[in-house]
């Protein structure tokens with residue numbers, strides 16, 4: 001299920017002003033979004049397994065890009081999340 005507020009957070013980070021605020025004080029910026037404690041922790045730890053099922057793929061890629069993760073690393077980590085059987089067949 002998509003998490004509206006988590007998606008909105010990632011979308012809002014596309015604004016240079018918001019990006020500046022995010023880099024200066026993530027706690028204060030996150031306080032403006034009513035996301036769960038679990039999602040908040042996942043954002044702080046770049047926990048792809050927790051975040052990926054809850055946001056649009058484009059926003060996921062954007063967020064991890066600004067977090068310093070390369071596309072190949074992101075794709076490798078996403079592929080590692082697939083169950084073994086699904087990975088072989090699909």
Scan 62, 29 and give me the residue that is assigned to a helix (DSSP H, G or I), without any contact (Cβ under 8 Å) to a residue 40 or more places away in the chain and crowded, with 16+ Cβ neighbours inside 10 Å. 29
Residues being surrounded by fewer than 16 Cβ atoms within 10 Å (Cβ to Cβ) and either touching a residue at least 40 places away in the same chain (Cβ under 8 Å) or not in a loop (DSSP other than H, G, I, E, B) (or both) - total across region 32-49: 6
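We did not get these values from a lab; they are worked out from the coordinates using the rules stated. The structure displayed is predicted, hence computed values, not measured ones. In this analysis, Cβ positions are derived from the backbone assuming ideal geometry, glycine residues included, and neighbour counts consider all displayed protein chains.
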